[in-house]
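J.: Quick one: the structure is below, questions incoming.
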Amino acid sequence: MKNYYRIMLGRKSAYAEEAYKGNFIAVGFIKDKDLTHHLPDNWRDFNKEFIPIFLQQNPSKTKVAAGLACGMLWTIAKGVQIGDVVLCPDGKGGYYAGEVVGEYEYYKGQELPHHRPVKWYPRVILREEMSEPLQNSTGAIGTVSDVSKHAKEIETLLAGMRLASIVATDETIEDPSVFALEKHLEDFLVQNWKSTELGKRYDIYQEDGEMVGQQYQSDTGTIDILAISKDKKELLVVELKKGRVSDVVVGQVQCYMGYVKEQLAEQGQTVKGVIIAFEDDIKIRRALSVAPNIDFYTYKIHFKLDKV
């Protein structure tokens, strides 16, 4: 099955034009290592080998940063399959779009030495043409973002048409209207984090001044928000219910917490979880009564009109 990825070509798309002209996508991180014979099918095995190397080369970095970097490196070098579609911001408000047509190649001495050959489509997708959900997905922080859930819209845009309406289906979603509302809530939380109750104690995880804690990739899915306490002693997993079945949300946040505990937490750091929902949910409260390290929040929307 074809997958779709948003890929940044250097900080602020610095290498986008070069990659477009050279028909490739590329990534850096561990620059002095040819990965040709070091790309297992399982990204966990890759991370096990290369996270220590990354940390050795970057002693000031955390395990979170190392896991993120190595995961993105493996995804571009191995995880992305021939035939998959990539969207790459051009730094000018548009996205180069192309199809991956070859396996991993190493170019020693380049700033982004880990390449995959790409056949670019002639059409540049303008950000303003995208729906708001697709804009949010392609605007996520990080080198790689899986945007396959927007496949229908992307294919329509590549055909030169706007998508009149977008219908998302997910058997775990009970209330589509709440799902749509809480997709916006995530962005609101991020933008207004410091003024929220959680923002008093935690900061959304950052690396090199960039926020990497929104839509953080784990081996069991994407964490809505990964935060860290201001004293750096606790990692926080924030999951929005998004209209989904209660049992699914509780199980998902526990999976994410297990991943963070095993793969990201430094020595001495603890892990806590938070579920945020539009309204109270007795099933969630009962499930969490035996999970004291997960808190449950509801939110209220205040709407005000000011005459001008």
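J.: Provide the FRET efficiency to the nearest 0.05 for the Ser229-Phe188 pair, computing r from the beta carbons and using R0 = 25 Å. Numbers along the way, then the final one.
T.: Numbers: r = 22 Å, r/R0 = 0.87.
For Ser229 and Phe188, the calculated efficiency is 0.70.
J.: Also: Just need log10 I(q)/I(0) for segment 4-158 at q = 0.11, 0.17 Å⁻¹, Debye formula, equal scatterers on the alpha-carbon atoms, no solvent, rounded to two decimals.
T.: The computed values of log10 I(q)/I(0) come out as -0.41, -0.97.
J.: Oh, and also: For the chain, which span is the longest to avoid every loop-located (per DSSP) member of GluC sites (Glu not before Pro) having at most 15 other Cβ atoms inside 10 Å?
T.: Values: sites that count: Glu103, Glu111, Glu171, Glu174, Glu197, Glu266, Glu279.
So the longest stretch without any such site is 1-102.
J.: According to the square roots a ≥ b ≥ c of the eigenvalues of the Cα gyration tensor, what is the shape class of the chain, taking rounded for a/c under 1.5, prolate for a/b larger than b/c otherwise, and oblate for the remainder?
T.: Values: a/c = 1.86, a/b = 1.26, b/c = 1.48.
Oblate shape, in that a/c is at least 1.5 and b/c is the bigger or equal ratio.
J.: Most mobile of Ala159, Ala66, Ala151 per a Gaussian network model of the chain (Cα springs, under 10 Å)?
T.: Residue with maximal mean-square fluctuation among Ala159, Ala66, Ala151: Ala159.
J.: Using a Förster distance of 35 angstrom, determine the FRET efficiency expected from the C-beta separation of Asn23 and Ser60, and round it to 0.05.
T.: E(calc), rounded to 0.05, equals 0.50.
J.: Considering only the other residues whose Cβ falls under 15 Å of the Cβ of Arg201, what net charge follows from Lys and Arg at +1 and Asp and Glu at -1? Please list the in-between numbers first.
T.: On the way: positive: Lys194, Lys200, Lys230, Lys232, Lys233, Lys272; negative: Glu197, Asp203, Asp231, Glu234, Asp295.
After counting each charged neighbour, the total is +1.
J.: Here is a further query. Pull up all non-local amide H partners of Thr298: gap of 5 or more, or a different chain, and H-to-H distance under 5 Å with H placed in the peptide plane.
T.: Counting only residues 5 or more places away or on other chains, the set is Ala277.
J.: From the square roots a ≥ b ≥ c of the eigenvalues of the alpha-carbon gyration tensor of segment 185-304, which class results: rounded (a/c under 1.5), prolate (a/b over b/c), or oblate?
T.: On the way: a/c = 1.63, a/b = 1.13, b/c = 1.44.
Oblate.
J.: Which of the trypsin sites (Lys or Arg not before Pro) across segment 54-149 are loop residues per DSSP, with 10 or fewer other Cβ within 10 Å? Can you show the working numbers first?
T.: Numbers: sites: Lys61, Lys63, Lys78, Lys92, Lys108, Lys119, Arg123, Arg127, Lys149; in loops: Lys61, Lys92, Lys108, Arg123.
Sites meeting the loop and neighbour criteria: Lys108.
J.: With 19 Å as the limit, write out which pairs from Lys31/Lys232; Lys31/Lys78; Lys48/Lys233; Lys2/Lys108; Lys63/Lys149 have Cα-Cα distances beyond it, or answer none.
T.: Over 19 Å Cα-Cα: Lys31/Lys232; Lys48/Lys233; Lys2/Lys108; Lys63/Lys149.
J.: Name the residue, out of Leu126, Leu236, Leu68, whose mean-square fluctuation peaks in a Gaussian network model built on the chain with Cα pairs under 10 Å.
T.: Most flexible of the set in this elastic network: Leu126.
J.: Let me ask something additional. Run the simple label-point estimate for Glu155 and Lys108 please: 7 Å along Cα→C-beta, distance reported in nm.
T.: If labels sit at Glu155 and Lys108, their model points lie 4.3 nm apart.
J.: Using 0.36 nm per residue, how much length does the chain from Met1 to Thr298 gain when fully extended, once their Cα-Cα distance is taken away? Please list the in-between numbers first.
T.: Working: separation 297, 0.36 × 297 = 106.92 nm, distance 3.74 nm.
Residue separation times 0.36 nm, minus the Cα-Cα distance, leaves 103.2 nm.
Only the coordinates and a few stated rules stand behind these numbers; no lab work does. Quantities reported herein were computed from a predicted structural model and do not represent experimental measurements. Virtual Cβ from ideal backbone geometry, glycine too; neighbours counted across all protein chains shown.
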